[in-house]
Amino acid sequence: MSDGVRTTRRETLAAIAAMALAGPLEMAEAQHVHQATAADTKAAGGLYAPKALTRHEFDSLRALCEVIVPGAAKGNAAEFIDLLSSQNPEMAAIYTGGLAWLDEAMKRYHNADFLTSRAEDRTAMLDKLASRNNKAPELAAGTRFFYWTRRMTVDAYYTSAAGIKELGYMGNKGMTEFKVPQAAIDYAVKRFGTA
């Protein structure tokens, strides 16, 4: 990411946020964001202070991330998204606008904003937004927002220490032998048949 010229933390995070708009982040960039959120949390006395989002938006995003990936809070997914959003106005607009849309839609369908709604109402709304069969024009903005949030939540969580641990990744280590788990073989044979 560097051509020998020293960049500031802000410049680095802004560049990473721009990359995130284009697609999934590489592990090195994601790790930089995780380190920055950890430093910000530590500097704030252990409680992350949202940078791009209001407290309500941030808490709503945290709840949304937990629905998408249970345990996402352990990977600081909402903090990851908020920090990147603070460095890129386009990303900030996606999240502030999307969270406002989600709150209004929840009020319209379930008489409560996303954060204060019942778990089953949240799931019902997100099922509508996630469905490929959903062509309702009134849900189009929410569908785009939910796509973004799912992608960023998964990127954030599975590049965090908690997500990496969940995957069982042990790092790049030499192995004397590699065995494909029988469950994987059984699945492949069932799904694709024999060779």
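From the residues in the range 175-195 that are of a type in the set (Lys, Arg) and modelled with pLDDT of 75 or more, which one is nearest to His34 (Cα to Cα)?
Per the stated criteria, the residue is Lys179.
Against the condition surrounded by fewer than 17 Cβ atoms within 10 Å (Cβ to Cβ) and either under 16 Å from the mean Cα position of the chain (by Cα) or over 15 Å from Ile68 (Cβ atoms) (or both), how does Arg150 come out, does it pass?
Taking the combined requirement at face value, the residue does not satisfy it.
Could you please give the count of residues in the range 93-130 that are under 18 Å from Met152 (Cα atoms) and open to solvent by less than 20 Å² (accessible area, probe 1.4 Å)?
Residues flagged as under 18 Å from Met152 (Cα atoms) and open to solvent by less than 20 Å² (accessible area, probe 1.4 Å) within the range 93-130 amount to 6.
Conditions (1) open to solvent by 50 Å² or more (accessible area, probe 1.4 Å); (2) at pLDDT below 65; (3) under 16 Å from Arg150 (Cα atoms); (4) in a helix (DSSP H, G or I), marked per residue:
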residue	(1), (2), (3), (4)
Arg6	yes, no, no, no
Thr37	no, no, no, yes
Tyr48	no, no, no, no
Leu53	no, no, no, no
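Does Asn172 count as modelled with pLDDT of 80 or more, loosely packed, with under 10 Cβ neighbours inside 10 Å and farther than 19 Å from Val69 by Cβ?
No: the conditions fail for Asn172.
Looking at Leu167, Leu139, which is the one that is in contact with a Phe, Trp or Tyr (Cβ under 8 Å, 6 or more places away or on another chain) and either open to solvent by less than 40 Å² (accessible area, probe 1.4 Å) or modelled with pLDDT under 90 (or both)?
Leu167
All but one of (1) assigned to a helix (DSSP H, G or I); (2) open to solvent by less than 40 Å² (accessible area, probe 1.4 Å) hold for Gln87; which doesn't?
(1)
Residue by residue through the range 55-75, note down the ones that are touching a residue at least 24 places away in the same chain (Cβ under 8 Å), in a loop (DSSP other than H, G, I, E, B) and open to solvent by 30 Å² or more (accessible area, probe 1.4 Å).
Result: no residue meets the conditions.
Pick out the one residue from Ala30, Ala18, Ala14, Ala63 that is modelled with pLDDT of 85 or more and closer than 16 Å to Asp82 by Cα.
Exactly one of Ala30, Ala18, Ala14, Ala63 is modelled with pLDDT of 85 or more and closer than 16 Å to Asp82 by Cα, namely Ala63.
The values are calculated or read from the model by the stated rules, or taken from the named source; none is laboratory data. As the structure is a prediction and not an experimental result, all values here were calculated from the model. Cβ sites come from the backbone with ideal geometry, for glycine too, and all protein chains shown count toward neighbours. Heavy atoms of the whole protein, side chains included, go into the accessibility calculation; ligands, DNA and RNA do not. Shrake-Rupley method; radii C 1.70, N 1.55, O 1.52, S 1.80 Å.
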